[in-house]
Each structure stands twice: as C-alpha cells, then as structure tokens.
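The values are calculated or read from the model by the stated rules, or taken from the named source; none is laboratory data. None of the values given here were measured: they were computed from a predicted structure. All Cβ positions, glycine included, derive from the backbone under ideal geometry; neighbour counts span all protein chains shown. Surface areas here come from the heavy atoms of the whole protein model, side chains and all, with no ligands, DNA or RNA. Shrake-Rupley method; radii C 1.70, N 1.55, O 1.52, S 1.80 Å.
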Amino acid sequence: MRNFSSVQKHWMHFFCSFIFIFLSACFSALEASNQYNLSLQQQNRSNEVMALLVFKQKSVDADPEGFLNDWRSESLSPCSRRGVFCSTYGKVSMLNFTYAGLIGHLHMDDLIVLESLQHLHLSGNSFFGNLFLNKASYPSCIIETLDLSFNNLSEPISETFLDSCDHLASLNLSHNSIPGGSFNFGTSLVELDLSSNLISDSSILDYSLSSCQNVKLLNLSHNKMSGKLGNLSSCENLSVLDLSYNMLSGDIPAVLFSDFSRSLKALDLSQNNLSGNFPILEFKNCDKLMTLNLSNNSLYGIGIPQSLANCQLLENLDVSHNSLHDKIPAALGNLGNLKHLNLAHNNLSGNIPSELGLTCGTLVEFDLSGNNLSGGFPETRLNLGNNQLSGNFLSEVISTLPSLQILQVPFNNISGSIPFSLRNCAQLQVLDLSSNAFTGNIPSGLCSTFPSSLQRLLLADNFLSGTIPSDIGNCKNLKTINFARNHLSGSIPSKVWKLPNVYDFVMWGNNFTGEIPNDICFGTRNLQKLILSNNLFSGKIPVSLTKCANLSWLSLSFNQLTGTIPAAIRNLQKLSILQLSYNSFFGDIQTADLGSFPNLIWLDLSSNQFAGHIPSNLAPQTRFDPIFSSKGGYLFLRDRGRSDCRMRNSLIYSEGISEERLAESFDSNSCSSITIYSWPSHLIKRSNGTIVFLDLSFNHLSGTIPDSLGLMSDLHVLDLSHNRLTGTIPNTFGGLKEVCLLNLSYNSLQDRIPGSLGLISFLTDLDVSNNNLSGPIPSTGQLTTFPASRYENNSGLCGIPLPPCGYHPKTDPIQSDQSQNGKDHSILRNVDWIWVIAVIGYIVGVAIGVCIGNIMFQDKEEWIIDRNIHYVREVYKLGFSREFPAVQESNIFTGLVVLFVLLEGCLEFDCGM
C-alpha cells in the first residue's frame, strides 16, 4: 500500500469531499426534477379539488337532493365526485349538474380556474346571480359548451361575460328571467339559445343578427324584444332562427328571405306584431327550408307568394291568424313534401282548389277553419271548426256526402238536434260536434252499417239530454267516445261499457247513475282514459278495473262511490293520474300501495274518509308518461280564494270543451275565485320527474309528514290540510322548488316553521294555520308576504305578519359548519406539503451522506473502509432493485450512491490500482 504525506492526504481529502458534494448536488437536482413532476400532478389535482370545494361552498346554499353528498375534502382526486368527468390526463374536462336540484348564488369564476374544463352543464337547477367573469383574473378559458338553462338567473348579462372564452361553441341561457344586457361572442359560437327570458332590449337581437358568421342555431323566442327586423345577410351558416313570441313590429322586408343563406331549414317569426304584404315576399334561397311559421301576426295581401313554390322541401307552413284574403292559390299543390298546412283564421274565400289534392299523399294536417270559404267540399275530410257556422247545413249538405270520412265542426254555433241523416255517411270515421249548442237526444243508428267505420265520436260540451242509445255499442271500432259536459242521465248501457277497442272513455260532467260494471276491462285491455267524474255513480270500485293494464288516467271524483281502494290497483303500472276526491272512500291509505306506480304524477284523494299514515314511498322518480302526447288538452281549475267550489284545484280533460263556456259556469258565488289554466306544457315530464299534484286534504290521516315528500322537485300543489297529522314540518320541504300551493292547515303540527321554506321561489299560497306551531316566522323568501290568516291559531308563532316576538334565531348550524369548513380549507390551501417533504428529504440525505463520508475518510483503518464499501455496494444494489416511494428515502439513497462512487475512486487512487 502506497504511503501519502500529510499534505497529499489533505488535498486528497479536500478533492474527494468536493467531488462528493458536487455529485450529490447533481443527483439530488435530477431526482428533485422527477419529484417535481410528480408533485406538480398532485398539486394540480389538489388545486382542482380545492376549486370544486370552493364552488360548492360559495355557490351551493342548499342541496335538497343530496347531489353533492360525496364531495368531501378528504378525497384527493376530483374525478371520483358525482357530476365530474375527467380527461385521460386526469384533469377535469366536464361538469354535469343537470337537474341536480342545487340552489344558490352562482360564482362561475370558481369553475373557470379549472384549466381543462371544456363542457359545463348546470341546467335545471335554481342558481341565481349575475353572469359575470373577471377577465383580468381569467384572461382565457377553453370552455366549449355552457348550459345554464332552467335556472333562476334574473340579472342582466355583463358586457365582459365570456369575453375570454374563445372556444365557446354552444351557449344556452334559456328559461331564466334575464332582463337583457349586452355581451359579445366570437366566431367560434355555433349555437345560441336565449329563449324564454325577459329580454326587452333589442340590442342583443341586433348584435346577434349582425355577428352570426358561424352561428347555426339562434333562438331568442319567448322574450319581450321590440323593434324591427334588421339585415340578415351576415348569417351565412344559419340553419334555425326562432324569434317567435316577442313584440317585433314593422313590415317584413320584401327581400328578407333572399338575404338568408341556402342553409336555412327552419324560420319561426310567429306571435309578433309583424306586418307587410305577404304575397310580395321573395322566396329565392329556400332550397333547404323545411319549416316556415309566420302565424299570429298582421300580414295582409291577396293569397300566397308564388315564389313559395321554390321551397320544394317545405314540410310545415303556418300563416294562420293573419289578414290574408282572396282565394287559396293553386300553386300550393306543387309543394310535394308538405305535411302540415295551416291557413286558419284569415279572410280567405272562394273554393278550395282541386290542386291541393296533389298533396294528399303527404299531408297530415290541413286547417282551413275560421275563413269565408264557399263552394264544394272535399268529400273525404272536412274541418270547419272554430267558425260561426249555424243553421241546417249538416242535414242539408253534409249528409249528401256519402264518401265523407272525417267531419269536424267543433266550436261553432250549430243548434238544434243532431240530424238523423248523418247515418247516410256510412264511411264516417271521425264525427266531432263538440262545443256547439245541440239539444235533444243522441240519435240512434250512427253505427247502423256493419262493420261500422266510426272510430272517434265527440259530442262534448253541448246541451244533449236523455240516455245513451244502446246501439252505440255496435260501434265496435270506436277508439274515443267523449260525451263530457252535457245533461245526459240514466245508466250507461252494458254494450257501451264493453266496447272492445276504446282507448278514451270520457263521460265527466253529466248525471249518469248506477254502478261501474264488475266486468269492465274483461273484453279489452286497450282502455287508457276512464274519466267519469262529476256524475252520480254509486257502489264500489270493481276489482275488474285493475285489469285495465294500459290505464293511464282514472278519474272518479265527485260521485257517490264508497268502499276501499282495491289492493290490486297496484297492477295499473301505467297509471299517471288518479282522481278519487269527493266520494266516501275509507280504509288505510297504505294498503293501496300508492307508491308502486312508476308513472304517477297526479294524486287527488281529498274529501274522503281515508285513515292511516302518509306513505313514505310516494316520491319515486317517474319515467316518461306517454299520455301527454295524445290528443286532447288539460285544464287546471285553480282556486285562489279558498272557496267551497266542488271542482276547486281539479284537472279536467278538455278535448272539445269551450274554456269560455266553462268559465261562465263558475260565475256563481261558490266558484267565483276559480281561475282556469291550460296545463299541457307543465305536465310534459322529463325522464326523472316526480309527482306534480298531491292532495290528501279532508281525510283522517295521522302520524308525521314523511321527509321524502320534500324530494318531489316537480311538485306544484301539496295539500295535506284538515287531517290529524302531528310532528314537525320537514326541513326537506325546501326542496319543493316548483311548488306554488302548500297547505298544511288544520292539523296538529308542532315546533317551528323551517327556514328552508324561504328557498321556494314560486310559492304563492301558503297556509299553516290552525296547528301548534311556535317560534318566529322565518324572514327569508316570501314567507312574510302572506296574510296573517295563513298563520293564525298557532299560539306560539310570532313575527311578520303576526305581532313581533323580539326573538332572533341562532345562526344556522349548517351555515356555521360550512363557514368553519371554509376556514379549514383556506389553511390547508396555503400549505404545500409535497415541497415540505421534498426539502426535508433532501436535507436529511445530504447530511447523512456528508457525515458518513467524513467519518470514513478520517478512519485510517483499512478494515473499516472495506466494511463500509461492502455496505454501500449492497445499498447500491438495493437502490436499483426497487423504487423508493418516499422523497426522504430517495435522497438518502442518492447520498449513499455518491459516497460509494467517491470511496471507490479514492481507494483506487490510494492503493495504486
């Protein structure tokens, strides 16, 4: 072994120490880089989790459906949360909170920080606040889809809204209460929907029509915009334009349709105040036009534009409710794809051109009602509804048309008896004489031929009397029989009950007596609607009725029926509307298993003698209900004055019923507060809807109100009054975001009125009087706007509108918890634990490496060096045989490897090797 002088050893020790420190720093820097990339990914996830939690804390005041229950701070991954979708790189790319039932002040800034967010779906909630983004804080965003439809937004759109979102392709703000505002959109926008708001400023319309280079869908319908139509030449790619239901005025420019691009497929300008000479409009670039709706305006002129024949793909043409006059042009017969043609309620006259017969192969709807047409009639189909026809033309003219298949003359003034000569129309399939002034008996022999062709027989809303002829039972092909609102009496013939193909059996509003037969539905299971309300039927509900497997509407209200609800009624799995009110039914309500109907949306059991507890399973999610796509309308008789009217808060089937005539029948003192509403659009259910009407009032129900009733997010009317209910008002009732009538009066409810009721935006009628409630009336929402009578006879209640009580409620524990959580989150947000661990590991690794190196170099004994070389080599092998997960262990490993290299070099130098 070579001997070294002290100077040489000193320089060797210095050189080795320098090399050790230098290499240690290099290896540590390389490892720190790898750890930095890993920690950066973890930091991004942490930042996204924190952004989501901040959004929940600041923008969600209430979550009655528990949509965000799994959004807990301890979860390190944002992608595991409900409604959150991530890209392949683990970053949040889409948020979908559609119909989640969230309530709160929306802060979009908290979501824009998600740097990979492309699609944001917040429709169907109750968010409110302004549409504002701080452009300085968020200079750019990559959002492509933004859907805020069906919320409670009510403030103007900010000028800087979405300025920085250069990739936005679809923006939907429909079905809110936005009053207007101004904002710019870029060339990336393809779809813009601002329909069903309160926009009155036409500047949005002007900007949209002048800056729609790449826009394909523009919907500004159902607003309050006024002004004139501007230049549309810049809309080169526009496919759908809907400006209907506004207050646009002025003449339609003659070249309007020439300005459009050839890509236009649908144009709707209906329900405005537009005027102009319709025949001079030029239809040139309409190669792809399929729908044109100009109805309910003030267009005038002679006939129809001849150039409309250029629109060969046109399927839907509606110019009804205008002031067009003269003859129907024969050129319409050249539109070979026409399916729906509506020229009703104009001043058209003359004959119906025979050329329209060329469209019979495609025409589905053809409405010429409300005109002054004359001459001959088409011998197959005749619709003269909604005119002012009178006299004897049915017997003198119509009965001479033996080939007539469809005769529709509803909503006229035809009086007298139904002519017997209608029996001559042997091929008649549809006979609609509804809403006229016919008197006398229903004529026999309407189905004298065999087999009978008659499929729809509608005689509703007349003044017919007597009994139903038994030979109506010969109409074996009848699908609809509607005799509602007449003065018919007696028992319904057995043969009529057993018609094999009937879908709709509508007899409400007469004086029929007798019992519902025990063999109903034995011969057929096609029955979908059985509406027998407002008669004098007696007896029990027959068990055979439960075999009507397709029954969707059962109305037996306002009769003299008794007994219990058959347990087998649960077999009616398609039942959507069940009305049994104002009878003498009794028994435990739970035995009927009313929660087993997957499609139930309307339940009225009021004014009976039902007992037991309210079923907790009345609030399941319902599937799409098919009955609302069928023919016929629906009227809701809303009682706004707590009257004794028998038909208060009732839903009636209104096909063939004159709304004006119905309103006149409610002029008596007992029904003077009834308001009639058309309800078809409100009853169209989405795929996850719930009950919209629940009335269990005036029974003998007991027990507590189930919390599950608060999950009925689509409920409009809830009446549990005049029962024997106890317990408290559920706090979950804050989730009834659509309810407008809530009546809990005349029970024995206790404790306080929950503050969550103040979250109900559409509540217009609340009654909790005559209970045992106590404490202050919450000052939130509309609760203080109701009269004192709605709170009276609760000895412990106080506060507006009752006398003050001087009591200030404590802070809501839920808000307190949210505030504390917010503080905890802010503390954690300021601590970067990954870098703390990395720094500690680096310091420990370097320190250990230096210490071991110094000890070994100071030890002159060779056996010590040999032993440490062996140890370091083993560590070296171990380090490359597995991955050290912790940052501290990796830096220790780096120090030991550097030490091994250093010792190997020094030993080689010292031994002369």
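As a summary of the residue check, Glu315 satisfies the conditions (1) farther than 20 Å from Leu294 by Cα; (2) at pLDDT 75 or above except for the one numbered (1). Just one residue in the set Ser195, Ser234, Ser221 is closer than 26 Å to Lys288 by Cα and in contact with a Phe, Trp or Tyr (Cβ under 7 Å, 6 or more places away or on another chain); that residue is Ser221. Kindly provide the set of residues from region 129-153 that are at pLDDT below 90 and either under 27 Å from Glu738 (Cα atoms) or within 16 Å of the chain's Cα centre (by Cα) (or both), ordered by number. Gly129, Asn130, Leu131, Phe132, listed by residue number. Could you figure out which of (1) in a loop (DSSP other than H, G, I, E, B); (2) at pLDDT 90 or above; (3) surrounded by fewer than 17 Cβ atoms within 10 Å (Cβ to Cβ) isn't true of Gly703? It fails just one condition, (1). Restricting attention to region 411-443, the residues that are open to solvent by 50 Å² or more (accessible area, probe 1.4 Å), in contact with a Phe, Trp or Tyr (Cβ under 9 Å, 6 or more places away or on another chain) and not β-branched (Val, Ile, Thr) total 2. Restricting attention to region 707-744, which residues are farther than 20 Å from Leu783 by Cα, in a loop (DSSP other than H, G, I, E, B) and out of contact with any strand residue (DSSP E or B) (no Cβ under 8 Å at 6 or more places or on another chain)? The answer is His722, and nothing else. For region 246-256, does any single residue satisfy the condition of being in contact with a strand residue (DSSP E or B) (Cβ under 7 Å, 6 or more places away or on another chain), under 24 Å from Ala309 (Cα atoms) and in contact (Cβ under 8 Å) with a residue 40 or more places away in the chain? Yes: region 246-256 contains one or more residues that are in contact with a strand residue (DSSP E or B) (Cβ under 7 Å, 6 or more places away or on another chain), under 24 Å from Ala309 (Cα atoms) and in contact (Cβ under 8 Å) with a residue 40 or more places away in the chain.
When Ser576, Ser557, Ser544, Ser533 are checked against the criterion of being small (Gly, Ala, Ser), under 33 Å from the mean Cα position of the chain (by Cα) and more than 29 Å from Phe438 (Cβ to Cβ), a single residue qualifies: Ser576. Is it the case that region 282-297 has a residue that's small (Gly, Ala, Ser) and open to solvent by 30 Å² or more (accessible area, probe 1.4 Å)? No: region 282-297 contains no residue that is small (Gly, Ala, Ser) and open to solvent by 30 Å² or more (accessible area, probe 1.4 Å).
Gly595 fulfils the conditions (1) in contact (Cβ under 8 Å) with a residue 40 or more places away in the chain; (2) open to solvent by 10 Å² or more (accessible area, probe 1.4 Å) except for a single criterion, (1). The condition of being open to solvent by 10 Å² or more (accessible area, probe 1.4 Å) and not in a loop (DSSP other than H, G, I, E, B) holds for only one of Ser748, Ser756, that being Ser756. For the criterion of being closer than 24 Å to Phe411 by Cβ, surrounded by fewer than 21 Cβ atoms within 10 Å (Cβ to Cβ) and in contact with a helix residue (DSSP H, G or I) (Cβ under 9 Å, 6 or more places away or on another chain), Pro517 fails. Being on the phi > 0 side of the Ramachandran plot, open to solvent by 40 Å² or more (accessible area, probe 1.4 Å) and touching a residue at least 12 places away in the same chain (Cβ under 8 Å) is a property that Tyr300 lacks. Among strands (runs of 3 or more DSSP E) entirely within region 418-502, having at least 2 residues that are over 38 Å from the mean Cα position of the chain (by Cα) and closer than 26 Å to Gln528 by Cβ singles out 487-490. The residues on offer are Arg638, Arg648, and the sole one that is among the basic types (Lys, Arg), buried (at least 18 other Cβ atoms within 10 Å of the Cβ), under 19 Å from Leu580 (Cβ atoms) and modelled with pLDDT of 70 or more is Arg648. Candidates Asp206, Asp193: the one that is under 19 Å from Ser158 (Cα atoms), touching a residue at least 40 places away in the same chain (Cβ under 8 Å) and in contact with a strand residue (DSSP E or B) (Cβ under 9 Å, 6 or more places away or on another chain) is Asp193. For region 319-375, the set of residues classified as at pLDDT below 75, farther than 23 Å from Ser307 by Cβ and either out of contact with any Ser or Thr (no Cβ under 7 Å at 6 or more places or on another chain) or surrounded by 14 or more Cβ atoms within 10 Å (Cβ to Cβ) (or both) consists of Cys360, Gly361, Val364, Glu365, Gly375, listed by residue number. Residues of region 54-101 that are among the hydrophobic types (A, V, I, L, M, F, W, C), more than 25 Å from Asn152 (Cα to Cα) and modelled with pLDDT under 85: Leu76, Cys79. Using the structure shown, decide if Leu759 is more than 15 Å from Asn743 (Cβ to Cβ) and touching a strand residue (DSSP E or B) at 6+ places or on another chain (Cβ under 6 Å). It is true that Leu759 is more than 15 Å from Asn743 (Cβ to Cβ) and touching a strand residue (DSSP E or B) at 6+ places or on another chain (Cβ under 6 Å). Of all the criteria given as (1) at pLDDT 80 or above; (2) touching a strand residue (DSSP E or B) at 6+ places or on another chain (Cβ under 7 Å); (3) of a type in the set (S, T, N, Q), the one not satisfied by Ser164 is (1). The residues in region 715-736 that are open to solvent by less than 10 Å² (accessible area, probe 1.4 Å), out of contact with any Pro (no Cβ under 8 Å at 6 or more places or on another chain) and either farther than 12 Å from Ile614 by Cα or among the acidic types (Asp, Glu) (or both) can be counted, and the count is 6.
For region 760-785, the set of residues classified as within 18 Å of Asp639 (Cβ to Cβ) and open to solvent by 60 Å² or more (accessible area, probe 1.4 Å) consists of Phe762, Thr764, listed by residue number. In this structure, does Lys224 turn out to be of a type in the set (Lys, Arg) and surrounded by fewer than 16 Cβ atoms within 10 Å (Cβ to Cβ)? Taking the combined requirement at face value, the residue satisfies it. One residue alone among Leu575, Leu561 is in contact with a strand residue (DSSP E or B) (Cβ under 7 Å, 6 or more places away or on another chain), at pLDDT 95 or above and open to solvent by less than 50 Å² (accessible area, probe 1.4 Å), and that residue is Leu561.
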